[in-house]
1. Given the condition part of a helix (DSSP H, G or I) and of a type in the set (S, T, N, Q), answer yes or no: does some residue in the stretch 13-25 qualify?
2. If I ask for residues that are touching a residue at least 40 places away in the same chain (Cβ under 8 Å), out of contact with any Pro (no Cβ under 6 Å at 6 or more places or on another chain) and among the basic types (Lys, Arg), which ones from the stretch 1-54 would you list?
3. Go through the residues of the stretch 21-39 one by one and say whether even a single one is surrounded by 19 or more Cβ atoms within 10 Å (Cβ to Cβ), within 18 Å of Leu103 (Cβ to Cβ) and more than 15 Å from the chain's Cα centre (by Cα).
4. With the structure loaded, tell me whether Asp62 is surrounded by fewer than 14 Cβ atoms within 10 Å (Cβ to Cβ), more than 13 Å from the chain's Cα centre (by Cα) and among the acidic types (Asp, Glu) or whether it fails that test.
5. Being surrounded by 13 or more Cβ atoms within 10 Å (Cβ to Cβ) and modelled with pLDDT under 90 is the filter; apply it to the stretch 6-20 and report the residue that is nearest to Leu103 (Cα to Cα).
6. Please enumerate the residues belonging to the stretch 62-84 that are among the charged types (D, E, K, R) and not in a helix (DSSP H, G or I).
7. Name the single residue, out of those in the stretch 85-96 being in contact (Cβ under 8 Å) with a residue 40 or more places away in the chain and assigned to a helix (DSSP H, G or I), that is farthest from Gly39 (Cα to Cα).
8. Looking only at residues in the stretch 71-86 that are modelled with pLDDT of 95 or more and not hydrophobic (A, V, I, L, M, F, W, C), which one is surrounded by the most Cβ atoms within 10 Å (Cβ to Cβ)?
Amino acid sequence: MTNSYDLDTLRADLDREFKPMTINVGGDEVVLRNLMRLGKKDRDAVTAALKDVQDLQDDSQDPEVLVRLENAVMTVLSIVPADGKGKKLVAAIDGDLALALKLMERWSEATQSGEAQHSPA
């Protein structure tokens with residue numbers, strides 16, 4: 001007997017393990033992919049933007065900081081949607097930073113992978 005695998009089957013398994021988040025945007029379903037399912041270039045850009053969001057949230061009353069925070073959040077929300085729907089999602093948010101932050105928070109929680117199981121001692 002051989003070990004035979006199919007990439008589509010493996011992708012489906014990974015979709016269950018690294019679940020995306022789906023949101024309805026104007027009657028259209030937008031799938032926000034798990035960070036682990038992004039290509040390296042996109043993953044690096046999202047990781048950098050997430051770090052900026054984390055660093056900038058502490059001083060969110062400064063107008064310049066708010067602009068940088070919005071740019072970082074919108075970068076994340078323009079990259080993580082599948083099928084090129086990032087622009088549609090960002091347009092639907094329409095500059096509402098509080099909404100964008102809440103959506104990003106929900107995406108982060110929904111797509112968080114479970115912790116690795118510890119090996120028995």
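1. Checked against the condition, which is being part of a helix (DSSP H, G or I) and of a type in the set (S, T, N, Q), the stretch 13-25 yields no hits at all.
2. Lys19
3. no
4. Answer is yes for this residue.
5. So in the stretch 6-20, the residues surrounded by 13 or more Cβ atoms within 10 Å (Cβ to Cβ) come out as 14-15, 18-20.
With modelled with pLDDT under 90 added as a condition, the list becomes 14-15, 18-19.
Working: Leu14: 23, Asp15: 20, Phe18: 18, Lys19: 16 Å.
Per the stated criteria, the residue is Lys19.
6. Scanning the stretch 62-84 gives Asp62, Asp83.
7. The residue in question is Ala92.
8. If we take residues in the stretch 71-86 being modelled with pLDDT of 95 or more and not hydrophobic (A, V, I, L, M, F, W, C), then Pro81 is surrounded by the most Cβ atoms within 10 Å (Cβ to Cβ).
The values are calculated or read from the model by the stated rules, or taken from the named source; none is laboratory data. Note that the structure is a prediction, hence the values are computed from the model and not measured. No Cβ is skipped: glycine too gets one built from the backbone with ideal geometry, and neighbour counts run over all protein chains shown.
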